[in-house]
Amino acid sequence: MNRHPDDSPADAEATRLIHAGRAPDRFGGAVNIPPFRASTILFPTLAELDNYDPKMRAVRYGRTGNPSSHAFEEAMAELEQGHGAVSFGSGVQAITTSLLAFTRQGDHVLIADTAYAPTRSFANGILARAGIVVEYFDPCIGDGIRNLLRPRTRVVFLESPGSLSFEVQDVPAITRTVAAADPEIIVMIDNTWAAGLLFRPLLHGVHVSIQSATKYVAGHSDASLGAAICARPDHWLRLKKAAVELGACAGPDDLFLGLRGLRSLPTRMRQHQETGLVLGRWLAQRPEVTRMRHPALPGCPGHEYWKRDFTGACGLFAFEIAPVPRPALAAMVDGMRHFGMGYSWGGFESLILPSTPNSIRTAVPWDGGELIRLHAGLEDPEDLIRDLEAGFDRLAVALANP
Ligand SMILES: *Cc1c(COP(=O)(O)O)cnc(C)c1O
């Protein structure tokens, strides 16, 4: 409905993302759809109130859908090549609503052990209290998932590459195995790392692809936004209904920022990838680094699946060093000039974050060293390398003078 009239399926992806969800003719010629700040929508007559048809994408009440959310959802569905999307106020809200929408008491849910920690908290808390049996599995399981399926398994939840440790999952093997065993099982994935751009789960048999658009889609560390994109119309309806019932929705200004970010996503991503690879290759040569965890570099678990299934890499990856005392680690990371220390990622700025998967994992105990996650931002790569080099120097001084 909002498609640019000249849009054709043959257009390249970056071109399609420029047009997706836009409607200058409906908004006074404005290139961008203005943030639609409205809760109450007035109906001029009782007849129009009575004849409201939700399928017409008319607006009945701000929370249940409005031009800002419709445009964002249309663009996200275009990005992930799905039937439709549902927008959320955060990535976590997209995850929790999706899990609730497709489960009921007594069901069994399989979740990759490398899922984002708040996904696990929700599953272990609210989902478990609702009587849903949660089980974690080795992200590298592949078609071995077959052995974990039970008669009441309803959802298999993937995240690839995994949070913190970046194992790339064999998604096609998992979806094939699950579909052969029971076509009613819903396979979901947290597709935030790929930003919907570098990997297309819905084309590999996944039913619901979920993203924290807070990350690369918004892209500037200033919005909180989520999306769940469904391959099938019946799944979309079910998810939308759950979102409305749970009161889940995104704010108009964040939707505006998400749509604006989407226009430059492919362009920004190329630079994040390039800088991430420059840093990753440099780090791989450092004597301090015991293991690289960059999906696009050899040695990362599942690197072969990244090569087969992904069209590129973003700027988020990790490396390991031998365990060091906390004060020495602090000497390294506290003095960075360009790398900020903080959660989230996907913005224009570089980030560094020591992390501890050992406190989170249950299916596969963490046997790695000190894990340091980096987000390669849009700074000059040489400046970032100098920053890391100075950090390693401070680490060496601290280790020599405990
Ligand atoms: C950040 C993140 C989320 C949650 O996103 P919010 O928008 O902050 O709720 C979910 N999954 C992954 C992999 C993330 O990195």
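In this structure, does ALA223 turn out to be open to solvent by 10 Å² or more (accessible area, probe 1.4 Å), within 18 Å of the chain's Cα centre (by Cα), away from the ligand (no atom under 15 Å from the Cβ) and not assigned by TED's automatic domain parsing to the domain that holds ASP380? No: the conditions fail for ALA223. A count restricted to the range 31-78 and to residues that are among the small types (Gly, Ala, Ser), surrounded by fewer than 17 Cβ atoms within 10 Å (Cβ to Cβ) and modelled with pLDDT of 90 or more stands at 3. The condition of being more than 15 Å from the ligand (Cβ to nearest atom) and in contact with a Gly (Cβ under 7 Å, 6 or more places away or on another chain) holds for only one of LEU277, LEU237, LEU297, that being LEU297.
If you check SER90, SER98, SER160 for being within 16 Å of the ligand (Cβ to nearest atom) and surrounded by fewer than 24 Cβ atoms within 10 Å (Cβ to Cβ), only one passes: SER90. Within the range 343-355, the only residue that satisfies the criterion of being small (Gly, Ala, Ser) and open to solvent by 20 Å² or more (accessible area, probe 1.4 Å) is SER344. Of the residues in the range 141-154, not one is open to solvent by 10 Å² or more (accessible area, probe 1.4 Å), part of a helix (DSSP H, G or I) and either aromatic (Phe, Trp, Tyr) or at pLDDT below 95 (or both). Right, ALA195: more than 15 Å from the chain's Cα centre (by Cα), open to solvent by less than 30 Å² (accessible area, probe 1.4 Å) and at pLDDT 95 or above or not? For ALA195, the condition - more than 15 Å from the chain's Cα centre (by Cα), open to solvent by less than 30 Å² (accessible area, probe 1.4 Å) and at pLDDT 95 or above - is not met.
Pairs meeting the criteria (first residue in the range 194-211 and under 23 Å from GLU184 (Cα atoms), second residue of a type in the set (D, E, K, R) and in a strand (DSSP E or B), beta carbons under 7 Å, at least 6 apart or on different chains) are ILE210/ASP190.
Give ARG281, ARG263 a once-over and let me know the one that is without any contact (Cβ under 8 Å) to a residue 24 or more places away in the chain and within 30 Å of PRO381 (Cβ to Cβ). Matching residue, one of ARG281, ARG263: ARG281.
The values are calculated or read from the model by the stated rules, or taken from the named source; none is laboratory data. What you see is a predicted model; the values in this text were computed from it and never measured. In this analysis, Cβ positions are derived from the backbone assuming ideal geometry, glycine residues included, and neighbour counts consider all displayed protein chains. The area values use the complete protein model at the heavy-atom level, side chains included, leaving out ligands, DNA and RNA. Shrake-Rupley method; radii C 1.70, N 1.55, O 1.52, S 1.80 Å.
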